[in-house]
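**Student:** Pasting in a structure now, in structure tokens, and then I'll have a few things to ask.
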Number of protein chains: 2
Amino acid sequence: MRSAAVVGTGLIGTSIALALSARGVIVYLVDQEPMAALTAAAVGAGRAEEPPEAVDLAILAVPPAELATTLAQAQKRGLARAYTDVASVKARPMADIVDLGCDLTSFAGGHPMAGGERSGPLAARANLFEGRVWILSPHPATSEQAQQAVESLIEMCGAYPLVMRPDEHDAAVALVSHAPHMVASLMAARLEHATESQISLAGQGVRDVTRIAAGDPWLWFDILSANAGTVADSLTELARDLEGVIAALRHLESGAEGESDGGAEALLDVLNRGVAGCERLPNKHGTPKASYVTVTVPVGDQPGELARLFADIGATGVNIEDVFIDHDPGKTTGVVELLVTPEGADALSRNLKGHGRIAIGPPESQPSFRM
Amino acid sequence: MRSAAVVGTGLIGTSIALALSARGVIVYLVDQEPMAALTAAAVGAGRAEEPPEAVDLAILAVPPAELATTLAQAQKRGLARAYTDVASVKARPMADIVDLGCDLTSFAGGHPMAGGERSGPLAARANLFEGRVWILSPHPATSEQAQQAVESLIEMCGAYPLVMRPDEHDAAVALVSHAPHMVASLMAARLEHATESQISLAGQGVRDVTRIAAGDPWLWFDILSANAGTVADSLTELARDLEGVIAALRHLESGAEGESDGGAEALLDVLNRGVAGCERLPNKHGTPKASYVTVTVPVGDQPGELARLFADIGATGVNIEDVFIDHDPGKTTGVVELLVTPEGADALSRNLKGHGRIAIGPPESQPSFRM
């Protein structure tokens, strides 16, 4: 690939442009908002101009609802020899593309599984896709040349291609992204009219469950609308479980206790399946969660406390997979939880204790008692 | 308070015992499992024996369903002059206590809003309650002496008392703890039979939404059963919104688009109320979230990388409220997000750039573009 055009220089488009520019590709930047293309050019993503002749690949980084018309216009003016997109839904835009009579041989859909809470070209970075999965969703009519052009884009961005049909892709993101967003919104919506004293009891659990519900409602409206049927299917199954849970709780409320009755069983069933579902989720490195353990270290809440702790940790040479900091709400003290391999946990605890610190190892190594 | 008895030396009971022992109170440790009491004694929480005479306060740190019988037995043998509990539900255990004919004048219920993912006496720490809210839930018949004994317990543990009626308390924890747990379980349950390729697309969002669903199903069954009616009420409201969302999605799926129609409105309504709900949640220091901003710093994934970063941060003197680490799944690089005050963000970004680092400031300071 020697030349490319990025249409839509937001976070994703600009990050792709940065990655390609870094690999020596000549990148042309196009956006409805000229300032967005100029900003992307200013951070080194390429040239804010229409290409003088057809480029090897055009990346259409526009919202799902605009993809088909953007592709039709681009093909009409001969922007590129091959085209791809980055939209987070695939089936409906593909149907629109077929309906509009676009040339299907030169198009292969794509969806890099990366993003960020921030948007716009200034949040872009060349390594945004490094090590990530990038869904490749060609049409049966897609030419081999077009598919190869997108494969080399994925490789140049440091990502891993995963071929999925549009409907397969949409079912997957409905399950692991769109339905969870909706569930977070539904729970967060219950907090809107909570009393101050109710809110004062909120802890880390409810914060985690609802965190993603803070996302831009219009952006999520677009995403959910474009994948509406599949998300509705996923939420309908969840609604059936929810009905069962409510019935079980009403049953338990009425005083009909005993672990073997229907109420108890239905509730325990969802709790157990929830545990099983959590165990399916990979941690950040794609390894099952169970292969990491937590070491807990109490710390004070003063400037530099974390620096001193991490300096001690650095001296141990143990790699930290994740960090979770839990301050007490008032003041003085909190704990830092460090996610490490089991071998790392031993070395870390021993070394931190050598530095005069308290380090509480994984629960597996401790006897378990009631309450 | 000169003497106390802790009945049930799990995480909460032992942490209370540690806090009281540190303040010079003579603490007697009692548990159905003699090993649990001996372990608590071994970590310095007190004496693993029955008190020779009535103590000033007995803390009954047993499961909600066992509270009433534990109190009745303790009062029968004259264990203490005043009694409290730490159960995470209040109304049903209080009803059981009244039903069993316990002496209500010497009892004032309590619930410290603290805990941990680990259980048992070895996970205990004296500062577990420092700066936390501790619900105080006296009965109308509770004597002033009994209430004062519990108030001084709360003070000695470094917590803040918040008086709530049992039903008020249970409605609050249903909303901010029990319903969120159930929602997390319902979402996680959907992942149990996900395909490997679906799971491969899972990111941080769904991990956060489902994290607490990994909790002990039997413990949560006990908690949810004891607060069944109130949790069912909360989930029934959520189920109504969920029904509306599913209907809206079906409407949007059928192709009836346009922002002013019922489908779009109902979906946007829940998304917007979700955002409003998130804004109600305090961050860890009880300050509205909006008063902190995020600074993002790219880092490598090598031992010592975090230590070097935190050493640089320590040198700036800026206090970090929270840290979020996002590794790329494959290897090499990731980003660290630092939650700081707006003033802190400026100082931090400037200083880190002075150390040759890239530091991306809060989104407010960046222009926003589409996609």
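Readers should treat all values here as calculations from the given coordinates under stated rules, not as data from a laboratory. In this text, all values refer to a predicted model and were calculated from it rather than measured experimentally. Here the Cβ positions follow ideal geometry from the backbone for every residue, glycine too, while neighbour counts run over all protein chains shown.
**Student:** Could you work out, for region A:3-164, what percent of all Cα-Cα pairs fall into each 5 Å distance bin, beginning at 0 Å and stopping at the bin that holds the largest distance?
**Tutor:** 2, 10, 21, 25, 23, 14, 5, 0
**Student:** List, shortest first and in nm to one decimal, how far the label point of residue A:236 (7 Å from Cα along Cα→Cβ) is from its counterparts in the other copies.
**Tutor:** The projected label point of residue A:236 is separated from its counterparts by 2.6 nm.
**Student:** Rg to Rh for chain A: what is it, with Cα atoms only and Rh by Kirkwood? Please report the intermediate quantities before stating the final value.
**Tutor:** Working: Rg = 25.0 Å, Rh = 24.1 Å.
Value, to two decimals: 1.04.
**Student:** Normalised radius of gyration for region B:126-212, please: alpha carbon Rg relative to 2.2 N^0.38 Å, two decimal places. Walk me through the numbers before you get to the answer.
**Tutor:** Working: Rg = 19.8 Å, N = 87, 2.2 N^0.38 = 12.0 Å.
Rounded to two decimals, the normalised Rg is 1.65.
**Student:** Take each uninterrupted DSSP H stretch in chain A, measure its Cα extent along the helix axis, and return the ones at 24 Å or beyond whose mean Kyte-Doolittle hydropathy is at least -0.5. Kindly include the intermediate steps, with their values, before the conclusion.
**Tutor:** Numbers: long enough: A:228-253 (36 Å, 0.32); A:262-280 (27 Å, 0.16).
Within chain A the helices that satisfy the rule are A:228-253, A:262-280.
**Student:** Mind sorting A:26, A:320 by how few other Cβ atoms lie within 10 Å of their own Cβ, fewest first? All intermediate terms of the calculation are to be shown ahead of the outcome.
**Tutor:** Numbers: A:26 16, A:320 24.
Exposure proxy ranking, most exposed first: A:26, A:320.
**Student:** Would you calculate a helix-derived [θ] at 222 nm for chain A, using -39,500 (n - 2.57) for each DSSP H run of n ≥ 4 and dividing by the full residue count, to the nearest 500?
**Tutor:** -13500 deg cm²/dmol
**Student:** Amide H neighbours of residue A:3 under 5 Å, at least 5 residues apart or on other chains, H built in the peptide plane: list them.
**Tutor:** A:26, A:56, A:57
**Student:** A further question follows. Can you work out the FRET efficiency for the pair residue A:100 and residue A:265, with r the C-beta to C-beta distance and R0 = 35 Å, to the nearest 0.05? Walk me through the numbers before you get to the answer.
**Tutor:** On the way: r = 52 Å, r/R0 = 1.50.
That pair, residue A:100 with residue A:265, gives E of 0.10.
**Student:** Shifting gears a bit: What percent of all Cα-Cα pairs in the protein assembly as shown falls in each 10 Å bin, counting up from 0?
**Tutor:** Final binned percentages: 3, 14, 22, 24, 18, 11, 5, 2, 1, 0.
**Student:** Okay, next question. With r as the distance between the Cβ atoms of residue A:337 and residue B:73 and R0 = 45 Å, compute the FRET efficiency 1/(1 + (r/R0)^6) and round to 0.05. Present the calculation step by step, with values, prior to reporting the outcome.
**Tutor:** Values: r = 38 Å, r/R0 = 0.84.
Once rounded, the FRET efficiency stands at 0.75.
**Student:** Pairs of Cα atoms under 8 Å, at least six residues apart: use those to get the relative contact order of chain B, whole percent.
**Tutor:** Details: 590 pairs, mean separation 40.7, N = 371.
For chain B, the relative contact order is 11 percent.
**Student:** Counting just the Cα atoms, what span does region B:198-273 cover along each of its three principal axes? Round to the nearest Å and put the largest first.
**Tutor:** Answer, in whole Å and largest first: 47, 36, 20 Å.
**Student:** Now, a different point. Taking the Cα centre of chain B as the origin, how large is its charge dipole in debye, to the nearest 20, when only Lys and Arg (+1) and Asp and Glu (-1) carry charge on their Cβ atoms?
**Tutor:** In total the dipole reaches around 920 debye.
**Student:** Does region B:41-134 classify as rounded, prolate or oblate by the C-alpha gyration tensor (a ≥ b ≥ c root eigenvalues; a/c under 1.5 gives rounded; else a/b over b/c gives prolate, otherwise oblate)?
**Tutor:** On the way: a/c = 1.99, a/b = 1.27, b/c = 1.57.
Cα axes put region B:41-134 in the oblate bin.
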